[in-house]
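Colleague: Got a structure for you, questions after.
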Amino acid sequence: MSAPATAPAARRIVILGDGVAAWMTAAALADALGPSCRIFVVDPGSGPPADFAGADTLLPLAAARLPFRRDEDRLLSSARGTFGWGVAFAGWAAPDRAWFLPFGSIGANLGPLPFHHIVLRLRSEGRTPRLADYSLPALAAQAGRFARPVTDARSVLSTCAYALHLDLASLAAALRARAEGAGVEQAPAPFGSAERTGAVVAAVRTADGTRLTADLFLDLSAGARLAGDGEWEDWSAWLPCDRALVARVPRPAPPPPYGLAEAHAAGWTRQLPLADATAVVSCYRADAGGEAAALASLRRAAGSASFEPDADVPLAFGRRREAWRGNCVALGPAATLVDPLVVSNLHLLQTALARLLELLPAEAQSPATAREYNRRTAAELDNVRDHAAALYLTNGRRGEPFWDECRTRKPPASLDYRMRLFTGRGKVVLYDEEPLEEAAWTSLFDEQGIRPARWHPMVDGLPAVELDAHLARVRAIMIEELKRMPFHADYLARLGAAGEQRAGASREVTR
């Protein structure tokens, strides 16, 4: 007979970190554990900024129970956010070519036949369909329209998914207010030192001598100042950028409902539209002479030849081999840094928090729980690495040393396996802890020129005219739904007006 379940023994938790990472963690734990757990946030003091990107995305699979996800309109308003149907990639497949990676499904299967196999067969007969032409999120992004998806499978809106583009400083302020309102305490001084025996942390001392003990310590500091010198897996062989220029530029009106990742001679530039600006990060590799190319790309985004970035920050893409050791868990910037081409570091923090809350043990030092957390975390992060690495490895920018070198790199074994299955049979394999849907992999492979050698043999049993008719039906249904969607800017304006009404009603009640 098993022992009865007990409440988690983590009655005191110390979080080392700042910015959105620390305060999202604090708010999530306070929401989940309630007043029975005392939570402290300790500022790490000097060091690189944890929120280097200025803005980031939350993908469709972000855990609904984490802070604000149950009130998405409030989250969007607090973080000056917009919606995103996907990511436009410019200059990756070729310098003059662009394509769109949508969130959600692409097309519709014909019985047991996968949609992209139908497209492959029709291309062999001289037609030129692109997968994004049969994605409602892609069509809506192009048209500047937005409506939230529905769960009714009879509606084509059920095939859609979307991300949120969020300003990190505004989000951090909102999360801090929420966390402190729930009883989270800010330590009186920055981090000074840690008392530890092996992997077990006994206490944290702040710069003024305050000693904080806890059952569980969470390290979210850039440089992992509390978790220590755990083994770091370097991903620079596949994600080669090592610096980033960061800026906030005036945005076009209205804000487009998608992000943009545009390749330049020695890296790439990301643009994320916010409610009042566009956040720009231009990543580059310094030893490839990339700073000049990154600065030129950023200035094109700003529309000014004299524009200067707000910061130039170092990047080290990779992950800790063991995020949880003893009674200390590395999260966010202490655990990983990924190239945020599609999956963001903010999104990975949310999934890590969901995993931590799910596995939070009755004893803070639980070796089996730590092993399971580390296994699942490593699987998720490796999947994200593979998707980003595939973009570099399959680039079509010929004659540029940075990109020519990227194509020569040997892919990670897991990515090589995925690519071989796709080129052989058009099969997209999905592993455990996948942050992206099948369509994200299919779009990447197809648009970057990784094409299957053959399609499903059952497709040959249908006449081309029937396949053409299927594609025409799918697109017609999407176009009709697209016509009913409001423009993205109008949708945001309505949310803002509704938020003002709710705030006004709240003020009336409290008078």
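Colleague: Is one or more of the residues making up the range 300-316 in contact with a His (Cβ under 8 Å, 6 or more places away or on another chain) and over 25 Å from Ala140 (Cα atoms)?
Modeller: Here is the first cut: in the range 300-316, the residues in contact with a His (Cβ under 8 Å, 6 or more places away or on another chain) are none.
For the range 300-316, residues in contact with a His (Cβ under 8 Å, 6 or more places away or on another chain) and over 25 Å from Ala140 (Cα atoms): absent.
Colleague: Hey, does the range 221-236 have a residue that's of a type in the set (Phe, Trp, Tyr) and touching a Lys or Arg at 6+ places or on another chain (Cβ under 8 Å)?
Modeller: The answer is yes; a qualifying residue exists.
Colleague: Going by what's in this entry, would Leu175 be described as more than 20 Å from Val87 (Cα to Cα), touching a Pro at 6+ places or on another chain (Cβ under 8 Å), assigned to a helix (DSSP H, G or I) and open to solvent by less than 10 Å² (accessible area, probe 1.4 Å)? It would help to see each step written out before you state the result.
Modeller: Details: more than 20 Å from Val87 (Cα to Cα): yes; touching a Pro at 6+ places or on another chain (Cβ under 8 Å): yes; assigned to a helix (DSSP H, G or I): yes; open to solvent by less than 10 Å² (accessible area, probe 1.4 Å): yes.
It is true that Leu175 is more than 20 Å from Val87 (Cα to Cα), touching a Pro at 6+ places or on another chain (Cβ under 8 Å), assigned to a helix (DSSP H, G or I) and open to solvent by less than 10 Å² (accessible area, probe 1.4 Å).
Colleague: Next up: Filter the range 384-435 for residues that are open to solvent by less than 60 Å² (accessible area, probe 1.4 Å), without any contact (Cβ under 8 Å) to a residue 24 or more places away in the chain and hydrophobic (A, V, I, L, M, F, W, C) and give the result.
Modeller: Passing the criteria: Leu421, Val428, Val429.
Colleague: Within the group Ser221, Ser236, Ser193, which residue is among the polar types (S, T, N, Q), open to solvent by 40 Å² or more (accessible area, probe 1.4 Å) and part of a loop (DSSP other than H, G, I, E, B)?
Modeller: Values: Ser221 fails: open to solvent by 40 Å² or more (accessible area, probe 1.4 Å); Ser193 fails: part of a loop (DSSP other than H, G, I, E, B).
Only one candidate qualifies: Ser236.
Yes/no per residue for (1) surrounded by 21 or more Cβ atoms within 10 Å (Cβ to Cβ); (2) at pLDDT 95 or above:
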position	(1), (2)
Ala253	no, no
Leu260	no, yes
Val281	yes, yes
Asp310	no, no
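Colleague: Filter the range 419-432 for residues that are assigned to a loop (DSSP other than H, G, I, E, B) and farther than 22 Å from Trp85 by Cα; which is modelled with the lowest pLDDT? Spell out how you get there, then give the answer.
Modeller: So the first thing to find is which residues in the range 419-432 are assigned to a loop (DSSP other than H, G, I, E, B), and the list is 426-432.
Narrowing further to those that are farther than 22 Å from Trp85 by Cα: 426-427, 429, 431-432.
On the way: Gly426: 92, Lys427: 91, Val429: 89, Tyr431: 88, Asp432: 84.
Ranking the candidates gives Asp432 first.
Colleague: Checking the structure you have, find out if any residue of the range 365-373 is at pLDDT 95 or above, crowded, with 19+ Cβ neighbours inside 10 Å and on the phi < 0 side of the Ramachandran plot.
Modeller: Looking through the range 365-373, at least one residue is at pLDDT 95 or above, crowded, with 19+ Cβ neighbours inside 10 Å and on the phi < 0 side of the Ramachandran plot.
Colleague: So the check is Cβ under 6 Å with 6+ separation or different chains; which pairs have a first residue in the range 117-142 that's free of Cβ contacts under 8 Å to residues at least 40 places away in the same chain and a second one that's crowded, with 19+ Cβ neighbours inside 10 Å and assigned to a helix (DSSP H, G or I)?
Modeller: none
Colleague: Only residues that are of a type in the set (A, V, I, L, M), more than 16 Å from Asp339 (Cα to Cα) and in a loop (DSSP other than H, G, I, E, B): list them for the range 268-327, please.
Modeller: Leu274, Ala275, Ala277, Ala305, Ala323
Colleague: Hey, any hits in the range 120-131 for a residue that's touching a Leu at 6+ places or on another chain (Cβ under 7 Å) and surrounded by 22 or more Cβ atoms within 10 Å (Cβ to Cβ)?
Modeller: No - not one qualifying residue is present in the range 120-131.
Colleague: Among (1) touching a residue at least 40 places away in the same chain (Cβ under 8 Å); (2) out of contact with any Gly (no Cβ under 9 Å at 6 or more places or on another chain); (3) open to solvent by less than 30 Å² (accessible area, probe 1.4 Å), there is one condition Leu272 misses while meeting the rest; what is its number?
Modeller: (2)
Colleague: Scan the range 155-172 for residues that are of a type outside the set (Phe, Trp, Tyr) and either under 15 Å from Leu346 (Cβ atoms) or in a loop (DSSP other than H, G, I, E, B) (or both) and jot them down. Can you show your working first?
Modeller: First, the residues of the range 155-172 that are of a type outside the set (Phe, Trp, Tyr): 155-161, 163-172.
Within the range 155-172, Ser155, Ala161, Ala163, Leu164, His165, Leu166, Asp167, Leu168, Ala169, Ser170, Leu171, Ala172 qualify.
Condition check ((1) touching a strand residue (DSSP E or B) at 6+ places or on another chain (Cβ under 8 Å); (2) part of a helix (DSSP H, G or I)) across all residues:
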site	(1), (2)
Arg74	no, yes
Ser77	no, yes
Leu101	yes, no
Gly107	no, no
Val119	no, yes
Gly126	no, no
Ala141	yes, yes
Ala153	no, no
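The values are calculated or read from the model by the stated rules, or taken from the named source; none is laboratory data. As the structure is a computational prediction, the values presented were derived from the model and not from experiment. All Cβ positions, glycine included, derive from the backbone under ideal geometry; neighbour counts span all protein chains shown. All accessible areas refer to the heavy atoms of the entire protein, side chains included, with ligands and DNA or RNA removed. Shrake-Rupley method; radii C 1.70, N 1.55, O 1.52, S 1.80 Å.
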